[in-house]
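S.K.: Mind having a look at this structure? Questions to follow.
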Amino acid sequence: MVIRVFKNFFSKVFSNLFRNRRSIKLGFYGPPNAGKTSLANRICKDFTGEEIGSVSKIPHETRNVQFKEKVEIEYKGKKMIFKMIDTPGIATRIDYEDFLKYKMKKKDAKKRAKEATQGVIESIKWLDDMDIVVVVLDATENPYNQVNITIIGNLVARKIPVLIVANKIDLKKADVKRIEAAFPEYEVVGISAKYGKNLEEFYESIFRLSKKI
């Protein structure tokens, strides 16, 4: 009886140690050019000194899932380890002609469109591996669209904890309340990934969600 009690005690201790040390898989999802990579870059830069990927004004700059292991984030004296996963932008339609307006050659535009399409498929597949998902939306754009509904629908189906980020609040057209009205069942945090504005609230929300998994 005593031996069994000690076994149970040490089993709980070691399981807690393992749980506290494991990386929480944090995925960044959203439409193209909403600022997913910009936000992931800022977090990784602040806590590791390195960025996770490149950004561009041309849509679908990120066309492959990219990640950074063991990013230890410290907030208000607490530390948590995350595996940061930056995904290609989700889109319901990708046409090579959309890239021609950025003065890309036709051959390059077709290649980018093909890679971007594969990236969308890859992003959806990776959802099954996520612990928490940050949905990054452009606060200057209308959130009521098929892409955002598709992303949220996939997350609801998988019962993954979600935080919605309304990015680009540094711009005059930004409207965080419009995003809050579109998705009232989720917490929405307005930030500027470009200037690092309001990241304290972002970290607080992420730490709070982490306790639920």
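S.K.: Which one of 34, 109 is buried (at least 16 other Cβ atoms within 10 Å of the Cβ) and part of a helix (DSSP H, G or I)?
M.R.: 109
S.K.: Could I ask something else about it? Could you list, in sequence order, the residues of region 115-134 that are more than 30 Å from residue 208 (Cβ to Cβ) and aliphatic (A, V, I, L, M)?
M.R.: Of everything in region 115-134, those that are more than 30 Å from residue 208 (Cβ to Cβ) and aliphatic (A, V, I, L, M) turn out to be 116, 121.
S.K.: Now for a separate question. Could you figure out which of (1) farther than 29 Å from residue 46 by Cα; (2) surrounded by 19 or more Cβ atoms within 10 Å (Cβ to Cβ) isn't true of residue 202?
M.R.: (1)
S.K.: For residue 181, indicate whether it is surrounded by 13 or more Cβ atoms within 10 Å (Cβ to Cβ), more than 17 Å from residue 206 (Cα to Cα) and over 15 Å from the mean Cα position of the chain (by Cα).
M.R.: It is false that residue 181 is surrounded by 13 or more Cβ atoms within 10 Å (Cβ to Cβ), more than 17 Å from residue 206 (Cα to Cα) and over 15 Å from the mean Cα position of the chain (by Cα).
S.K.: When the residues of region 99-142 are filtered to those that are farther than 30 Å from residue 172 by Cβ and among the hydroxyl-bearing types (Ser, Thr, Tyr), which remaining residue is farthest from the chain's Cα centre (by Cα)?
M.R.: 117
S.K.: With the requirement that a residue be under 22 Å from residue 82 (Cβ atoms) and out of contact with any Pro (no Cβ under 8 Å at 6 or more places or on another chain), what does region 134-150 give you?
M.R.: 134, 135, 136
S.K.: Could you go through region 91-99 and let me know if any residue there is in a loop (DSSP other than H, G, I, E, B), among the aliphatic types (A, V, I, L, M) and in contact with a strand residue (DSSP E or B) (Cβ under 6 Å, 6 or more places away or on another chain).
M.R.: no
Condition check ((1) of a type in the set (Val, Ile, Thr); (2) under 23 Å from residue 125 (Cβ atoms); (3) at pLDDT 85 or above) across all residues:
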{"residue": "73", "(1), (2), (3)": "yes, no, yes"}
{"residue": "84", "(1), (2), (3)": "no, yes, yes"}
{"residue": "88", "(1), (2), (3)": "no, yes, yes"}
{"residue": "98", "(1), (2), (3)": "no, no, no"}
{"residue": "101", "(1), (2), (3)": "no, no, no"}
{"residue": "105", "(1), (2), (3)": "no, no, yes"}
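S.K.: Considering only region 118-140, state which residues are within 18 Å of residue 37 (Cα to Cα) and either hydroxyl-bearing (Ser, Thr, Tyr) or not in a helix (DSSP H, G or I) (or both).
M.R.: Once the filter is applied, which keeps residues that are within 18 Å of residue 37 (Cα to Cα) and either hydroxyl-bearing (Ser, Thr, Tyr) or not in a helix (DSSP H, G or I) (or both), region 118-140 yields 123, 130, 132, 133, 134, 135, 136, 137, 138, 139, 140.
S.K.: Can you tell me which residues in region 114-131 are surrounded by fewer than 19 Cβ atoms within 10 Å (Cβ to Cβ) and of a type outside the set (S, T, N, Q)?
M.R.: 114, 115, 121, 122, 124, 125, 126, 127, 128, 129
S.K.: Then there's this: Considering only residues that are aliphatic (A, V, I, L, M) and outside any strand (DSSP E or B), which ones fall in region 37-89?
M.R.: 39, 40, 43, 52, 55, 58, 65
The values are calculated or read from the model by the stated rules, or taken from the named source; none is laboratory data. Bear in mind the structure is a predicted one, so any value in this text is a computation, not a measurement. As a convention, Cβ positions derive from the backbone with ideal geometry for all residues, glycine included, and neighbour counts pool all protein chains shown.
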